[in-house]
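The values are calculated or read from the model by the stated rules, or taken from the named source; none is laboratory data. Quick caveat, the model's predicted, so the values are computed rather than measured. Positions of Cβ are generated from backbone atoms using ideal geometry, with glycine treated the same way; all protein chains shown enter the neighbour counts. Just the protein is used for accessible areas: all its heavy atoms, side chains included, with ligands, DNA and RNA removed. Shrake-Rupley method; radii C 1.70, N 1.55, O 1.52, S 1.80 Å.
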Amino acid sequence: MTLITAEMLDNLQESLVLRRATAAQLRQRAETEYSWASDADAYELAPGLARSYVLSVAADDFLSAGDGERALAVAREAADAAEPGSWDGVVSVVRAHLGLGAVDAAKAAADEARHAAASDPAVAEMMGDAFELADELGLAERWYTIGLRGLDVVESRFWRERLLRDRHRVRRDQGKPLDGFDEEFEALSTP
């Protein structure tokens with residue numbers, strides 16, 4: 001049995017990031033990742049490397065390879081395998097739905113994480129990013145705003161600045177006028 005470490009997963013990811021990857025190469029990488037997460041007779045995941053995370057990475061690679069249906073199936077496996085408080089699988093489900101052009105299904109899946117996004121800025125940013133990359137800017141703005149509203153201004157300065165930046169960007173791309181959050185971002189950005 002082979003022990004799969006986070007470093008091995010990172011190396012596999014970087015092997016194609018550093019050069020242009022074809023759909024076939026991305027699909028092969030996704031199959032490898034899927035095997036690592038699913039073939040318990042051949043592979044064991046190192047402590048700290050969650051099965052749901054490896055499945056999410058595989059789902060994203062299937063999506064990048066153009067296999068949206070397989071991406072969605074693997075993303076659903078990731079969501080089912082996730083520990084409480086882990087949202088990687090749900091984010092991958094959202095991305096897969098968006099990749100298939102199923103915006104309503106993506107919104108419904110994302111709503112499962114709405115409460116978490118209000119208390120975990122990383123979840124809000126991942127959801128916002130997923131919608132922004134799919135050119136669903138209004139939905140991206142919504143998720144960045146959910147994250148901002150749940151933050152403690154003093155204790156979460158790093159996340160506040162990131163979410164303000166992201167929200168400002170998508171509002172600007174939509175041609176919306178400045179609001180209070182936008183003005184706060186611009187004040188922080190001005191030397």
Legend entry - Residue identified as over 22 Å from L3 (Cβ atoms) and open to solvent by less than 40 Å² (accessible area, probe 1.4 Å) among A71, A58: A71
Legend entry - Checking A46 against (1) under 30 Å from L139 (Cα atoms); (2) of a type in the set (G, A, S); (3) open to solvent by less than 70 Å² (accessible area, probe 1.4 Å); (4) touching a Leu at 6+ places or on another chain (Cβ under 8 Å), the condition it does not meet: (1)
Legend entry - Which listed residue is within 18 Å of A96 (Cα to Cα) and either out of contact with any helix residue (DSSP H, G or I) (no Cβ under 9 Å at 6 or more places or on another chain) or at pLDDT below 95 (or both), from A71, A23, A6, A58: A23
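Residues to consider are E31, E83; find the one that is part of a loop (DSSP other than H, G, I, E, B), among the charged types (D, E, K, R) and open to solvent by 40 Å² or more (accessible area, probe 1.4 Å). Write out each step before concluding.
On the way: E31 fails: part of a loop (DSSP other than H, G, I, E, B).
Exactly one of E31, E83 is part of a loop (DSSP other than H, G, I, E, B), among the charged types (D, E, K, R) and open to solvent by 40 Å² or more (accessible area, probe 1.4 Å), namely E83.
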Inset, instruction - List every residue pair whose Cβ atoms sit under 6 Å apart, with the two residues 6 or more apart in sequence or on different chains, where the first one lies in region 66-90 and is in contact (Cβ under 8 Å) with a residue 24 or more places away in the chain and farther than 22 Å from A116 by Cα and the second, anywhere, is open to solvent by 10 Å² or more (accessible area, probe 1.4 Å) and assigned to a helix (DSSP H, G or I). - result: G66/A23; G68/G99; A71/L63
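Residue-by-condition table, conditions (1) aliphatic (A, V, I, L, M); (2) touching an Asp or Glu at 6+ places or on another chain (Cβ under 8 Å):
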| site | (1), (2) |
| --- | --- |
| E44 | no, no |
| S52 | no, yes |
| V57 | yes, yes |
| L63 | yes, no |
| G68 | no, no |
| R76 | no, no |
Inset, instruction - Quick one: which residue in L188, L139, L148 is among the aliphatic types (A, V, I, L, M), in a helix (DSSP H, G or I) and modelled with pLDDT of 95 or more? - result: L139
Legend entry - Pick from region 34-43, criterion more than 13 Å from L9 (Cα to Cα) and of a type outside the set (A, V, I, L, M, F, W, C), ranking: surrounded by the most Cβ atoms within 10 Å (Cβ to Cβ): S38
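Per-residue answers, yes or no, for (1) surrounded by 14 or more Cβ atoms within 10 Å (Cβ to Cβ); (2) over 23 Å from L72 (Cα atoms); (3) among the charged types (D, E, K, R):
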{"site": "L100", "(1), (2), (3)": "yes, no, no"}
{"site": "A116", "(1), (2), (3)": "yes, no, no"}
{"site": "S119", "(1), (2), (3)": "no, yes, no"}
{"site": "D135", "(1), (2), (3)": "no, no, yes"}
{"site": "R162", "(1), (2), (3)": "yes, yes, yes"}
{"site": "Q174", "(1), (2), (3)": "no, yes, no"}
{"site": "P177", "(1), (2), (3)": "no, yes, no"}
{"site": "P191", "(1), (2), (3)": "no, yes, no"}
